[in-house]
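To start, the structure under review is shown below, and the notes come after it.
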Amino acid sequence: MMQQLPFLFAREGGWRLARHLSFWSAWFIFQLLLYSFSPSPVLQHQAFLNRILITLPETLIFLIPSMFLAYTLMYWVIPRQVIPGDYLWAVLSSILLMVLTSALSAALSMSLVDYLRHRNGARLSPRIATERHPVFYIQLGTLCWQVFGVVSP
C-alpha cells in the first residue's frame, strides 16, 4: 500500500515538499474564497473576479502567520513537549504561540495588507481608494516598497 501511494506515505524530501505545497495551496485557495466573500461593504458591491483580485495579496500575506503557527506547533511543541509528556509546557507554549501569531497577523494587517489593499484596490474600486486607514495604521507597506526599490504609486 505504501509503495502504491508515495505522495501520502513516502519520507523522501521531494514527496514531503509536494505534500506541504499541495496542503498550503489548498489552504490558500480556501482562504482566498473565504476572504472574497467577507461581509465587507466594499467587497459586496464588486464582481467576483474583482473580489478575488482585491483579496489575493492579503490572503497570500496572511499565509505567513498560519505557517508560523502550524510549523512551530508541528515541529517544536508536539515533538519536544507533547510527546515527552510535558503537557503544562505544551499548553503554555501553545498559548504563547497563539499570542505571537495574533500579533504577527495584526502587524501585517495594519501595515503591509492595508497598504496593498489601498494600492491595488484603488484601481479596481473608487470606494476602496476613499476608505480611511485604520487608527493604528503603520506605513510599513510604503517603507517596504521603498526599501526593496519598488516605487509606490
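Structure notes:
- Residue pairs meeting the criteria (Cβ under 8 Å; at least 6 apart or on separate chains; first surrounded by fewer than 18 Cβ atoms within 10 Å (Cβ to Cβ), in the stretch 110-125; second of a type in the set (Gly, Ala, Ser) and at pLDDT 75 or above): none
Listed here are the residues, each with its yes/no results for (1) open to solvent by less than 50 Å² (accessible area, probe 1.4 Å); (2) touching a helix residue (DSSP H, G or I) at 6+ places or on another chain (Cβ under 7 Å); (3) on the phi > 0 side of the Ramachandran plot.
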{"residue": "10", "(1), (2), (3)": "yes, no, no"}
{"residue": "14", "(1), (2), (3)": "no, no, no"}
{"residue": "18", "(1), (2), (3)": "yes, yes, no"}
{"residue": "24", "(1), (2), (3)": "yes, yes, no"}
{"residue": "34", "(1), (2), (3)": "no, no, no"}
{"residue": "37", "(1), (2), (3)": "no, no, no"}
{"residue": "42", "(1), (2), (3)": "yes, yes, no"}
{"residue": "49", "(1), (2), (3)": "no, no, no"}
{"residue": "63", "(1), (2), (3)": "yes, yes, no"}
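- Reported count of residues in the stretch 68-85, each being without any contact (Cβ under 8 Å) to a residue 24 or more places away in the chain and open to solvent by less than 70 Å² (accessible area, probe 1.4 Å), is 7.
- In the set (1) loosely packed, with under 13 Cβ neighbours inside 10 Å; (2) within 28 Å of residue 43 (Cα to Cα); (3) of a type in the set (A, V, I, L, M), the condition left unmet by residue 88 is number (2).
- Being among the basic types (Lys, Arg) and closer than 24 Å to residue 25 by Cα is true of residue 51.
- Candidate set: the stretch 70-87, residues that are more than 22 Å from residue 104 (Cα to Cα) and assigned to a helix (DSSP H, G or I); chosen: the one farthest from the chain's Cα centre (by Cα): 87
- For residue 51, the stated conditions hold: it is closer than 30 Å to residue 123 by Cβ and among the basic types (Lys, Arg).
- Condition check for residue 67: modelled with pLDDT of 95 or more and under 22 Å from the mean Cα position of the chain (by Cα): yes
The values are calculated or read from the model by the stated rules, or taken from the named source; none is laboratory data. All values reported here derive from a predicted model rather than from experimental measurement. As a convention, Cβ positions derive from the backbone with ideal geometry for all residues, glycine included, and neighbour counts pool all protein chains shown. Quick note on the areas: whole protein, heavy atoms, side chains included, nothing else; ligands and nucleic acids left out. Shrake-Rupley method; radii C 1.70, N 1.55, O 1.52, S 1.80 Å.
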